[in-house]
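Here the structure comes first, spelled out in structure tokens, and everything after it is commentary.
The values are calculated or read from the model by the stated rules, or taken from the named source; none is laboratory data. Bear in mind the structure is a predicted one, so any value in this text is a computation, not a measurement. Note: ideal-geometry Cβ built from the backbone for every residue, glycine included; neighbour counts use all protein chains shown.
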Amino acid sequence: MMKQLAVTCLFCLCCGYLVAQDRKAMNAKDQEKLAIWQQLDKQFPAYAQVARDIWAFAELGYQEQKSSSLLQKKLSEAGFKIESGVAGLPTAFVATYGSGSPVIGILAEFDALPGLSQDTVPYRKPLVAGGSGHGCGHNLFGTASVAAAIALKEHLQQTGLRGTLKLFGTPAEEGGAGKVFMAREGYFTGVDVVLHWHPAAVNAANAESCLAMVSGTFRFYGQSAHAAGSPERGRSALDGLEAMNYMVNLMREHMPQEARIHYVIKNGGVAANVVPDYAEAEYVVRLPDHNATMELWERVIKAAEGAAIGTGTTVKYEINAAHMGLLPNETLAAIMHSNLSKVGGVKYDAAELSFAEQLRTTMGKNLPPLKQAEEIQPFKQSFFPASTDVGDISWLVPTTGLSTATWVPGTAAHTWQATATDGMSIGMKGMLNAAKTIAATGLDLLSNPSLIEKAKTEMQKRRGANFEYKAMIGNIKPPLDYRKGL
């Protein structure tokens, strides 16, 4: 594995746009970027091992002790000051280097997903039956962000350029809303700009928005009884839950087309001849506008309350996580896109090409060409029909992100196919490209603070003059146990 990654490193020295140019023709800023990228190339094997270790840990939200500790160790060794366990989240941290303005924030995620354990092979082969896996590539996300932060730190140290770097270790993105609790507690106050990225099947850096989200648990309580001998004495909690589900499904005809409601029954009873006295479901509601999302959530609550009345049961409910949609920032996104275009896409060697072709046989038809991994998507304003807890931060601080082709073109997120590439050289190549792009964008902003002021003006215009941040989660405590037992 590591031999393959070491060979991959050689690729990095010749793939970038700037590397292919005559160095004498570069401006001073491009030469600085090239120097940073060459340092990242040299350090690539070490960062690939970090990403591989986190991939193997495959720790779920708020349980990422090993993953968080490993990233903190790398940052501490590089000279960052570490504040651990922030915002009441045991695996969250803030790593700081430098002083003064501007203050550049970089986000790092590292949680895995349940049920997606998978070896780095192009066919289904769980490493642990029913185990967790990095099907969204957060092992790459956290590592690339740390690599970019350390590369920028070394540049500040060498050049004397003024500024502060803050690497935010943000746990439990997958349903735990770790960033929202950090935002609610003020950890992004004083940060001038935030940069992030995400693994994907394409290379893009757009001014992107997405869906706001609220998730919660509904618990129905009834009265158990013998289902045949004394059914009249029973009140089925499962009946209450199923009645709720039925009414919510009827709502789909009468809600905005952009809305998404999905649920799963987590407990529906234990035996068919025993009237269930307890039933539980998890619900997720999404819409582009966070206020409309909460309004639709209230309708779901009404359906639950009505279902309880109709079935003679009682219901209790609670919000587990909630966050706003992304507020796009075209000013920052254009800078990120420019740097991504210079870094370039992902080129496969012969072994990777064979792996990709075999993997794509498991994905169905009408797939995009493999060449897509090498291409940079045109810059645009875009909408992503999913959710991320980066959303809240983007309403507080000018924020932008990118994606790189860590997955074989055609791969969907949250799949075993994504887990497979997130642990091998294809994913590592995309990870390195992300680190280079974030580092170059950070350098642009540190060198030209007027760009940050322009981004702040855009943010204020987009969110409106009377905007006041109020976390959708309210005053709830972090759901630290939401992945326990999975």
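If you check 439, 420 for being crowded, with 23+ Cβ neighbours inside 10 Å, within 20 Å of residue 170 (Cα to Cα) and out of contact with any His (no Cβ under 7 Å at 6 or more places or on another chain), only one passes: 439. With respect to residue 187, is the statement that it is more than 29 Å from residue 32 (Cβ to Cβ), among the aromatic types (Phe, Trp, Tyr), outside the structural domain of residue 117 (by TED's automatic domain parsing) and surrounded by fewer than 23 Cβ atoms within 10 Å (Cβ to Cβ) true? It is false that residue 187 is more than 29 Å from residue 32 (Cβ to Cβ), among the aromatic types (Phe, Trp, Tyr), outside the structural domain of residue 117 (by TED's automatic domain parsing) and surrounded by fewer than 23 Cβ atoms within 10 Å (Cβ to Cβ).
Among residues of region 171-186 that are touching a residue at least 12 places away in the same chain (Cβ under 8 Å) and part of a loop (DSSP other than H, G, I, E, B), those with a Cβ under 8 angstrom from a residue that is among the β-branched types (Val, Ile, Thr) and surrounded by fewer than 23 Cβ atoms within 10 Å (Cβ to Cβ), sequence gap 6+ or separate chain, pair up as 177/473; 185/86. Anything in region 459-486 that is part of a loop (DSSP other than H, G, I, E, B) and polar (S, T, N, Q)? List them, or say none. Listed by number, the residues that qualify are 466, 475.
Taken as a whole, the structure places residue 306 among residues that are under 25 Å from residue 262 (Cβ atoms) and outside the structural domain of residue 432 (by TED's automatic domain parsing).
For region 238-260, the count of residues that are part of a loop (DSSP other than H, G, I, E, B) and either within 29 Å of residue 338 (Cβ to Cβ) or without any contact (Cβ under 8 Å) to a residue 12 or more places away in the chain (or both) is at least one.
Residues of region 408-423 that are of a type in the set (S, T, N, Q) and at positive phi: none at all. For residue 200, the conditions (1) within 18 Å of the chain's Cα centre (by Cα); (2) surrounded by 24 or more Cβ atoms within 10 Å (Cβ to Cβ); (3) farther than 28 Å from residue 267 by Cα are fulfilled apart from (2). Here residue 70 does not qualify as in the same structural domain as residue 145 (by TED's automatic domain parsing) and not in a helix (DSSP H, G or I).
A single member of 365, 429, 347 is in the same structural domain as residue 152 (by TED's automatic domain parsing) and modelled with pLDDT under 95, and it is 365.
Here is the figure for region 213-234: residues that are out of contact with any Phe, Trp or Tyr (no Cβ under 9 Å at 6 or more places or on another chain) and either part of a loop (DSSP other than H, G, I, E, B) or more than 30 Å from residue 289 (Cβ to Cβ) (or both) total 11.
Inspect all residues belonging to region 307-329 and state whether any of them is without any contact (Cβ under 8 Å) to a residue 24 or more places away in the chain and surrounded by fewer than 24 Cβ atoms within 10 Å (Cβ to Cβ). Scanning region 307-329, I find at least one residue that is without any contact (Cβ under 8 Å) to a residue 24 or more places away in the chain and surrounded by fewer than 24 Cβ atoms within 10 Å (Cβ to Cβ), so the answer is yes. Candidates 461, 484, 436: the one that is free of Cβ contacts under 8 Å to residues at least 12 places away in the same chain and of a type in the set (Lys, Arg) is 461. Condition test on residue 180, is it farther than 27 Å from residue 447 by Cα and either surrounded by 22 or more Cβ atoms within 10 Å (Cβ to Cβ) or charged (D, E, K, R) (or both)? Spelling it out, residue 180 is indeed farther than 27 Å from residue 447 by Cα and either surrounded by 22 or more Cβ atoms within 10 Å (Cβ to Cβ) or charged (D, E, K, R) (or both). In region 214-230, of all residues being crowded, with 23+ Cβ neighbours inside 10 Å and touching a helix residue (DSSP H, G or I) at 6+ places or on another chain (Cβ under 8 Å), the one that is nearest to residue 318 (Cα to Cα) corresponds to 218.
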